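Worksheet: the structure to be examined is printed underneath.
The values are calculated or read from the model by the stated rules, or taken from the named source; none is laboratory data. Source: prediction; values computed, not measured. Quick reminder, even Gly has a Cβ in these numbers, built from the backbone with ideal geometry, and neighbours come from all protein chains shown.
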Amino acid sequence: MAQKVTISPVTRVEGHGKVTIHLNDDGEVVQSRLHIVEFRGFERFIQGRPYWEAPVLVQRLCGICPVSHHLAAAKAMDVIVGAGTGDGLTPTAEKIRRLMHYGQMFQSHALHFFHLASPDLLFGIDAPSEKRNVIALAKSKEYRELAVQGVMMRKFGQEIIRATAGKKIHGNGAIPGGVNKSLTPEERDRFLNGSEPLRADKMIAWAEEAIDLFLDYYGKHTDLLDTFSRFPSNHLSLVGKDGALDLYHGRLRAIDADGKKILNDIDYQEYLDYIGEEVRSWSYMKFPFLTELGKEKGWYRVGPLARLNTCDFIPTPKAQKAFEHYRARTNGKPNDRCMHTHWARLIETLFSAECMKELLEDEDITGGELMAGGKKQPEGVGLLEAPRGTLFHHYRVNANDQIEMANLIVSTTHNNQPMNDAVEQVARRQMTGQQTITEPMMNAVEVAIRAYDPCLSCATHAIGRMPLEVSLYDSKHRLIERKIR
Amino acid sequence: MQHIWAPMAEEKRILIYGYGNPGRQDDGLGKALADVAEAWIGEQRLGNVKVDVAFQLQVEDVLKMADMDLVLFVDASMDERIGDFSIERVTSDPEASFSAHSVPPGFIVGLYEALYGAPPPSYLIQIRGYEWELEESVTLQARHNMELAWGLVKKIILDPDILETQPQTAESDKNGSKQ
């Protein structure tokens, strides 16, 4: 009797998604899918609005990474106002935006590691879900300090965002062609030399300690982290002009599973020549792919794992050292180990902390030249590396300065196929031969998806809801069992 | 959203924390109430009340609870059982569903308790909303509900002990009945 398991929606991620796992008569997994079942057309909503509103309007998408949408839209509008494609801003404007962005990366990555990944790792992925959270960390003598660090790292990143974006909700710091404020010397000094622990140096030190924590765990659980949900793929991200890791601006690079460049540092203004989006009937979330390789072979991963695969080096000393260790683990080859995403994310956390310090020590950050301009253009694309991966914003405006076309590809959409593959691999491992839905199986599916930290609010523009539903169907689609968590 | 007037001695320090996405119509009810509260508190020059807003609650919000005697979380609700608004005591809820990207008030209270000890009394005010599309303003009916909720919040600001001396206030509103 063939069976079908449904997990709907996935806990700890936003929006409404469900996982279905199909079993054959022998209890073997024959197919699994991550379905996205809600969609709200943001692109249509923004049509007709004046282009200068876009950097603020796009923050309505969700409250999880509004800064990333704010900056990606602003970058696209830089092109439209003739301020260039990323290198035409004033030094102060670019550095303020970078500081805002690295503040966002830092606090988002810290949240993911300290409040999601570390409980999974420290208490075990088989532990009950109510034990795998930051309160459990805070209650334990051994890990209490980790919870405190996580809270403070979030706080530091949020304060950086508040200082650069101007407002806590619907920030308006980035505007087409520049920014509307720089830091005051007092603000800068507070981040560099303010009261402990909210200082840049402390953030760097804690980020280093987090990597040490991960490596300690990795040493004890090498097999789990090396083999859990591992599969080859292509990888895509921005890289700096010199091949450096750069999360704010650069050129698009993709490599295959062997490390060969399959998208060679192209100008992202031309992304439509290289990337297509496939629609499948069972999901509202599209499936992007590299057109030259086609739908079957052209899908790719984005996010921390992909970024550390595509870049050649990291331009800050401590993160570079960590990167060399990380790269050595796979002998310089692309890393396809899903759970190593946590490692990569921590290296990026350290990189972000180092970048924030460098930027805060730069005199330009308090400068007065905020705006650039030029000849107006009808169309612009803005890209950056958001916490979860590459974020595309593409707009076209008419003669009345109204947006007439918008296309957003968010990181969770890029990772659609990889998440599906991750679920399938875990399902094959956990479900084969099982007659019931076990808690460890549900946890394993969650952990596999969470490594990508999907944001279904962004991907589908839904308001977040988080119950977990698991349903089991037979070959004739009859419900056998359903669990709701 | 803070103001500069110093609290009087022995006044209870109150945090009003509205959260939600004001770009999603009635999801902005928490911020809408916070805005009204901010303006009124400024006029009244009440130094013991802080007002803050956020897209959503997150773990670092435990820091905002420090030094407070009372915390009022204010959120929008889709729950049809809520007539106009409800108020209920928030207790530690370590088993609350935990998202990568937001947490419920009970989780914040639980985290505070785990990190710093007994949390200040905390209440969740939920205001019934109706529309959640990508628009900026709250609906008329939702605004009416918000104003009713603000009426209660104002009473609490003026007499925080009302929550202890008249616990039925909170209980009666739990199911949506009006003040």
_Under 6 Å between Cβ atoms, which residue pairs at least 6 apart in sequence (or on different chains) link something in region A:220-232 that is assigned to a helix (DSSP H, G or I) with a partner that is surrounded by 14 or more Cβ atoms within 10 Å (Cβ to Cβ)?_
A:Leu225/A:Tyr218; A:Leu225/A:Met339; A:Asp226/A:Arg337
*Considering only region B:33-47, state which residues are assigned to a helix (DSSP H, G or I), surrounded by fewer than 21 Cβ atoms within 10 Å (Cβ to Cβ) and of a type in the set (A, V, I, L, M, F, W, C).*
B:Val36, B:Ala39, B:Trp40
_Could you tell me how many of the residues in region B:76-85 are touching a Leu at 6+ places or on another chain (Cβ under 8 Å) and either hydroxyl-bearing (Ser, Thr, Tyr) or surrounded by 23 or more Cβ atoms within 10 Å (Cβ to Cβ) (or both)?_
2
*Could you run through region A:365-375 and say how many residues are touching a helix residue (DSSP H, G or I) at 6+ places or on another chain (Cβ under 8 Å) and surrounded by fewer than 16 Cβ atoms within 10 Å (Cβ to Cβ)?*
2
*Say whether the condition of being crowded, with 18+ Cβ neighbours inside 10 Å, on the phi < 0 side of the Ramachandran plot and of a type in the set (S, T, N, Q) is met by at least one residue in region A:312-319.*
yes
_All positions within region A:392-427 that are in a helix (DSSP H, G or I) and touching a strand residue (DSSP E or B) at 6+ places or on another chain (Cβ under 7 Å)_ = A:Ser411, A:Thr412, A:Thr413, A:His414, A:Asn416, A:Gln417, A:Pro418, A:Met419, A:Asn420, A:Val423, A:Glu424, A:Ala427
_Selection within region A:310-348 - under 15 Å from A:Tyr452 (Cα atoms) and outside any strand (DSSP E or B)_ = A:Asn335, A:Asp336, A:Cys338, A:Met339, A:His340, A:Thr341, A:His342, A:Trp343, A:Ala344, A:Arg345, A:Leu346, A:Glu348
*Can you tell me which residue within region B:125-149, out of those that are surrounded by fewer than 22 Cβ atoms within 10 Å (Cβ to Cβ) and of a type in the set (A, V, I, L, M, F, W, C), is farthest from the other protein chains (Cβ to nearest Cβ)?*
B:Leu148
*From A:Leu408, A:Leu384, residue being touching a residue at least 60 places away in the same chain (Cβ under 8 Å) and within 13 Å of the chain's Cα centre (by Cα)*: A:Leu384
*Residue check, B:Val90 against (1) in contact with a Lys or Arg (Cβ under 9 Å, 6 or more places away or on another chain); (2) more than 11 Å from chain A (Cβ to nearest Cβ), all met but one. Which one?*
(1)
*Among the residues of region B:59-75 satisfying the criterion of being touching a Gly at 6+ places or on another chain (Cβ under 9 Å) and at the interface with chain A (Cβ under 10 Å from one of its Cβ atoms), which is surrounded by the fewest Cβ atoms within 10 Å (Cβ to Cβ)?*
B:Glu60
*Taking into account only those residues within region A:163-180 that are surrounded by fewer than 18 Cβ atoms within 10 Å (Cβ to Cβ) and more than 11 Å from chain B (Cβ to nearest Cβ), which is nearest to A:Pro50 (Cα to Cα)?*
A:Asn172
*Mind telling me which of the residues A:Asp265, A:Asp258, A:Asp273 ends up being free of Cβ contacts under 8 Å to residues at least 40 places away in the same chain and farther than 26 Å from A:His101 by Cα?*
A:Asp273
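Can you confirm whether A:Gly88 is out of contact with any helix residue (DSSP H, G or I) (no Cβ under 9 Å at 6 or more places or on another chain) and surrounded by fewer than 24 Cβ atoms within 10 Å (Cβ to Cβ)?
Judged against the criteria, A:Gly88 is not a match.
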*Kindly provide the set of residues from region A:81-110 that are farther than 26 Å from A:Thr349 by Cβ and of a type in the set (Phe, Trp, Tyr), ordered by number.*
none
*Within the group A:Phe191, A:Phe156, which residue is modelled with pLDDT of 95 or more, within 14 Å of chain B (Cβ to nearest Cβ) and either touching a Cys at 6+ places or on another chain (Cβ under 9 Å) or under 15 Å from A:Gly103 (Cα atoms) (or both)?*
A:Phe156
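Yes or no, residue by residue, for (1) within 14 Å of another protein chain (Cβ to nearest Cβ); (2) surrounded by 19 or more Cβ atoms within 10 Å (Cβ to Cβ):
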{"position": "A:Leu57", "(1), (2)": "yes, yes"}
{"position": "A:Cys65", "(1), (2)": "yes, yes"}
{"position": "A:Ala83", "(1), (2)": "no, yes"}
{"position": "A:Tyr102", "(1), (2)": "no, yes"}
{"position": "A:His109", "(1), (2)": "yes, yes"}
{"position": "A:Ala117", "(1), (2)": "yes, yes"}
{"position": "A:Phe123", "(1), (2)": "yes, no"}
{"position": "A:Glu142", "(1), (2)": "yes, no"}
*Taking the options A:Pro418, A:Pro440, name whichever one is in contact (Cβ under 8 Å) with a residue 24 or more places away in the chain and closer than 30 Å to A:Val58 by Cα.*
A:Pro418
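Looking at region B:9-31, which of its residues are under 11 Å from B:Val49 (Cα atoms) and either modelled with pLDDT under 95 or aromatic (Phe, Trp, Tyr) (or both)?
Of all residues in region B:9-31, those under 11 Å from B:Val49 (Cα atoms) come to B:11-17.
Hits for region B:9-31 are B:Glu11, B:Lys12, B:Tyr17.
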*Restricting attention to region A:331-354, report how many residues are more than 15 Å from A:Thr310 (Cβ to Cβ) and of a type in the set (Gly, Ala, Ser).*
2
*Among the residues of region A:167-209, count how many are under 28 Å from A:Gly382 (Cβ atoms) and assigned to a helix (DSSP H, G or I).*
6
*Of the conditions (1) more than 14 Å from chain A (Cβ to nearest Cβ); (2) at pLDDT 95 or above, B:Arg45 fails just one. Which one is it?*
(2)
*Residue check, B:Leu134 against (1) free of Cβ contacts under 8 Å to residues at least 60 places away in the same chain; (2) in a loop (DSSP other than H, G, I, E, B), all met but one. Which one?*
(1)
*Taking strands (runs of 3 or more DSSP E) that do not extend beyond region A:234-291, which have at least 1 residues that are in contact with a Pro (Cβ under 9 Å, 6 or more places away or on another chain)?*
A:234-239, A:251-255, A:275-278
